[in-house]
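The values are calculated or read from the model by the stated rules, or taken from the named source; none is laboratory data. Here the structure is a predicted model, which means the values were calculated and not measured. With ideal geometry, Cβ positions are generated from the backbone for all residues, glycine too; neighbour counts draw on all protein chains shown.
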Amino acid sequence: MTFSRRDFIAAAVLGSASLRMQGQDRSQQPSTKPESGTGAGKRPIIICANNGYAYLDGAYVFLKNGGDTLDAALQVVKGPEDDPKDDTVGLGGLPNEEGVVELDACCMHGPTRRAGSVGGVRNIKNVSLVAKAVMEHTGHVMLVGEGAERFAVAMGFARENLLTEHSRKIWLLWKEYYSTKDWWGPGLADPHWQAPEKPQSELWRERFRRLQERAADLGIEPEFRRAAIRRVVFPPTGTIHCSALNQKGEISGCTTTSGLAFKLPGRVGDSPIVGAGCYTDQDVGSAGATGSGEENIKVAGAHTIVENMRHGLSPHDAGMDALKRIARNYNNDMNKLRFVDLTYYILRKDGTYAGVSLWQGYSVGNPHKIAVHDGTLRAEIASPLFSGYSQEFPPFPPIPEDLKKDSEYLR
Ligand code: GLY
């Protein structure tokens, strides 16, 4: 059986709905949970995406001992940036469609009300620190591309190859499987976009067989093949955001990412956009995002949340409102929203915080989480706007019953 890549993607879109939705409540049930937690009166406090969990202890001690709030937040996000095994951020981040790692980051320092940002930076792993350098050593807020890289080198950052063998092999698996054109053409937001025809289950059999074969040919270790195939099927938008508040009530935030895996070169998501991927106002609080960057940019998510808190909403309600704006942008059309997901990390100046997400998680058993340290280190499940699990784009057709064994590749 032969089919074009376009046909396959089209067929994949509709079918993907049913896999993750089977047995799940797809109704639009707003979360009624008042807060994910409260840190009020327990300053200092640091909140971040769950991939920063391992770095919170050190940053908390630093903050408690009088360290600056932005430096504490940067200490957290530098961990995943330096870690070649985290393929969503910094060194080892999944590359663009041409196999080049391009990083984005921004930061805001509440006490001095300053901001810095970099987008589309190649060859420099700690872009969160480059964003801080832009803030401290230029009269600008944002530098991009080659100029940002040259600035970083001038500031003493080392150039290095950010594409690890691990990420190179996943990129090759993706490239050989899909070709280079997946992100061309009208996207989900196009008014003429339509959910495609129901796919034929035979596609799955062929697809898994080819992916497994190619993963083996590429030398991807057997124990990592499941995760590699999942990244090819669901290009991730992994990111880390961190906000920190100290005993003096000072607050700062930062966000850093390698962006959407296999994106078009030059694509910049929400992470380096002050007001979308991160926003901090010393008078109010701080917020940041991980997930579908394009959708978050359109609602200026982090700024919207901080403004909502300024006008009296709790962190939870402020975040839910931003998520509802994303849903509103698609007229609450679940056929489209099931391909979108966002998590917001929200910290108010009084120490109250919330983690909220559009869906419960990307897959069953993996809920979206927020990591918190206010003297006690913990991970908490984010409050979802909708019950159920999202898919990332491009999605996939349902797995036939007789291929249940292979469906393990998607967990
Ligand atoms: N939220 C990360 C990105 O979309 O690039």
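Worth a mention:
- Count of the range 304-322 residues which are within 16 Å of the ligand (Cβ to nearest atom) and among the small types (Gly, Ala, Ser): 2
- Boolean, Glu98 is closer than 24 Å to Pro236 by Cβ, out of contact with any Pro (no Cβ under 6 Å at 6 or more places or on another chain) and acidic (Asp, Glu): no
- Listed by position, the strands (runs of 3 or more DSSP E) enclosed by the range 226-303 include none that has at least 3 residues that are farther than 27 Å from Gly99 by Cα and within 10 Å of the ligand (Cβ to nearest atom).
- Of the residues examined, Asp83 is one that is of a type outside the set (Phe, Trp, Tyr), surrounded by fewer than 24 Cβ atoms within 10 Å (Cβ to Cβ) and closer than 30 Å to Ile229 by Cβ.
- The residues in the range 225-259 that are modelled with pLDDT of 90 or more and surrounded by 24 or more Cβ atoms within 10 Å (Cβ to Cβ) can be counted, and the count is 16.
- Failed condition for Phe339, given (1) surrounded by fewer than 24 Cβ atoms within 10 Å (Cβ to Cβ); (2) touching a residue at least 60 places away in the same chain (Cβ under 8 Å); (3) in contact with a Pro (Cβ under 9 Å, 6 or more places away or on another chain); (4) farther than 18 Å from Asp270 by Cα: (4)
- Of all the residues in the range 93-106, those that are more than 15 Å from the ligand (Cβ to nearest atom) and touching a Leu at 6+ places or on another chain (Cβ under 7 Å) number 1.
- Check on Arg214, at pLDDT 85 or above and basic (Lys, Arg): yes
- Members of the range 206-264 that are touching a Cys at 6+ places or on another chain (Cβ under 9 Å) and of a type in the set (Ser, Thr, Tyr): Ser243, Ser252, Thr255, Thr256
- Filter result for Arg159 (surrounded by fewer than 21 Cβ atoms within 10 Å (Cβ to Cβ), under 24 Å from Phe262 (Cα atoms) and modelled with pLDDT of 95 or more): yes
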